[in-house]
Amino acid sequence: MLKKIRTVAAVALLTVTTYAVAVEMNRSHPDTYVVRKGDTLWDISARFLTKPWLWPEIWQANPQVKNPHLIYPGDVLSLAYLDRVVARPGARNEAPINAIPLSEVEPFLKNLTVVDSFKQLPYVVGLEDNRLRASAGQLAYVVGLENAQPGQRYAVVRPTVRFGLPKPTEDLDARGETIPGSGNLWKNYVSPSERGEFLGYELAQVNVGTLTRAAGGDKQAATLMLQDSGREVRAGDRIVAVQANPYDLQFIPHAPGTQANAGHLRVLAVADTFTSGGPRDVIAISGGARDGIDNGTVFSIWRQGSHVTDKMHHPGSSRMDDALTPGAGRISLPDEYAAHAMVFRTFDKVSYALVMEGTKPARVGYELRHPDAQ
C-alpha cells in the first residue's frame with residue numbers, strides 16, 4: 001500500500017514539475033544533449049532553461065536519477081517528448097560534473113574564512129634567520145600553540161578585512177588593527193541610513209606547515225616548517241588547524257529561500273581586486289546561514305539608481321552629482337542589473353559567491369536580489 005502511495009505522489013509531482021520546466025524552457029534548446037567532460041550544471045542548464053538556477057526542476061522531472069547532485073559525462077538529456085526532460089544515464093567512468101568549474105577557480109579562492117574574533121589565536125612571532133618573509137622549506141616560530149605535538153599540520157592565515165554595515169568594510173594591518181581611513185571608500189557606495197552591524201573578520205590562508213618542534217623548556221616558541229610556496233608568511237600571521245574540506249564540492253544552483261533578505265544584502269568586497277569584478281571573480285556578501293543562505297543560492301546583483309542633479313532646472317547648482325540619497329533638485333534614476341552570482345561558501349553572517357555571468361562589473365556596495373528580479 002505504501003509503495004502505491006509513493007507511486008501516485010511521484011506521478012503527481014512529475015506532472016506539476018513537467019509544466020514548470022516547460023514554461024521555463026529556452027526556445028533554442030536542443031532535443032537531446034550528451035553531457036561532456038568540462039561541462040558544469042550552470043552551463044548545461046543554460047542550454048535548456050532561460051534561468052540556470054532552476055536546474056533542480058530538471059532533476060525533479062527525472063525520478064530515475066538517484067542523486068540529483070551528480071551528473072556524469074555520457075549522460076543523455078532529452079527534451080523531445082512534450083518538452084519533458086528525460087535523462088538516460090551513461091557510463092560512470094569519470095568524475096561527476098560540478099555546479100561550477102571549481103578546479104578553474106580554486107586557485108583564486110585562497111581559502112577565505114570569516115570569524116567573529118582572531119586576536120586569541122596563536123601567531124607567528126619570528127622567522128628563520130630573522131627574515132622579514134618566509135615561504136616553503138623555511139621555518140616560522142609560533143607562540144600560543146599549547147599542547148601541540150610534532151607532526152600536526154596548521155594553516156597560516158592573515159586577517160585582511162573587517163566586514164560591517166554601515167560602519168565601512170576596513171582593511172587590517174599586520175597586527176590585525178584597522179587601517180585608519182581605509183573605510184572611506186565604502187562610504188561612497190552605501191547610504192548612511194543602512195542598518196549597522198559588525199559582520200566578521202576575514203582570514204585569508206597564506207600558507208600551511210607541519211609542526212617540527214613543540215615549545216618547551218626555555219623555548220617559548222614552537223617551530224613550524226612551511227610547505228606552500230604560493231604566498232609568503234610574515235610576523236603577526238595567525239595559526240589555525242588545517243580544514244580538510246573547506247569547500248562543498250557537490251551542490252546545485254537554486255533561488256534563495258523566503259528567509260533570505262534579498263534586496264538588503266550588499267557586496268562587501270571583491271577578492272584580490274579593488275572595487276569591482278566580473279565572471280569567475282569571488283565576492284563577499286553581507287548575508288549567511290542565519291539569513292537562510294546556503295551553498296548554491298543564486299542572486300542577481302544590481303547597481304542602485306543614483307540621484308543626479310537636474311541641470312536643466314538647476315544649471316548653476318554646485319551640488320554633488322550621482323549622490324546616494326535623494327534630495328531637492330535631484331532626479332532618481334532606475335536601478336541597473338549587473339550580474340548573477342552563486343554562493344559557494346557560507347558562514348553565519350557573511351558568504352562568498354562566484355560571479356557567474358553579467359552585463360557589467362559587480363562592484364562593492366551593489367545590492368543582491370532574487371535572481372528573477374526585474
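The values are calculated or read from the model by the stated rules, or taken from the named source; none is laboratory data. Treat the numbers as computed from the prediction; the structure is a model and nothing was measured. Glycine gets a Cβ as well: all are built from the backbone with ideal geometry, and neighbour counts include every protein chain shown. Each accessible area value is taken on the protein alone, full model and side chains, heavy atoms only, with ligands, DNA and RNA left out. Shrake-Rupley method; radii C 1.70, N 1.55, O 1.52, S 1.80 Å.
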For the condition open to solvent by 40 Å² or more (accessible area, probe 1.4 Å), modelled with pLDDT of 90 or more and in contact with an Asp or Glu (Cβ under 9 Å, 6 or more places away or on another chain), what is the one hit in Ala136, Ala140?
Ala136
Confirm whether Val298 is at pLDDT 90 or above, surrounded by 14 or more Cβ atoms within 10 Å (Cβ to Cβ) and closer than 18 Å to Ala204 by Cβ.
no
Answer with yes or no whether Gly74 is exposed (fewer than 15 other Cβ atoms within 10 Å of the Cβ), modelled with pLDDT of 80 or more and not in a strand (DSSP E or B).
no
Checked Asp171, Asp129 against criteria (open to solvent by 50 Å² or more (accessible area, probe 1.4 Å), at pLDDT 80 or above and part of a helix (DSSP H, G or I)); the one match is Asp129
Residue under question is Val233, and the condition is that it be open to solvent by 30 Å² or more (accessible area, probe 1.4 Å) and modelled with pLDDT of 90 or more; does it hold?
no
All positions within region 301-324 that are modelled with pLDDT of 70 or more and either closer than 30 Å to Ala353 by Cβ or among the aliphatic types (A, V, I, L, M) (or both):
Ile301, Trp302, Arg303, Gln304, Gly305, Ser306, His307, Val308, Met312
Which one is nearest to the chain's Cα centre (by Cα) among residues in region 276-294 that are surrounded by 24 or more Cβ atoms within 10 Å (Cβ to Cβ) and β-branched (Val, Ile, Thr)?
Ile283
Among residues belonging to region 348-359 that are more than 10 Å from the chain's Cα centre (by Cα) and not hydroxyl-bearing (Ser, Thr, Tyr), point out the one that is least open to solvent (accessible area, probe 1.4 Å).
Met356
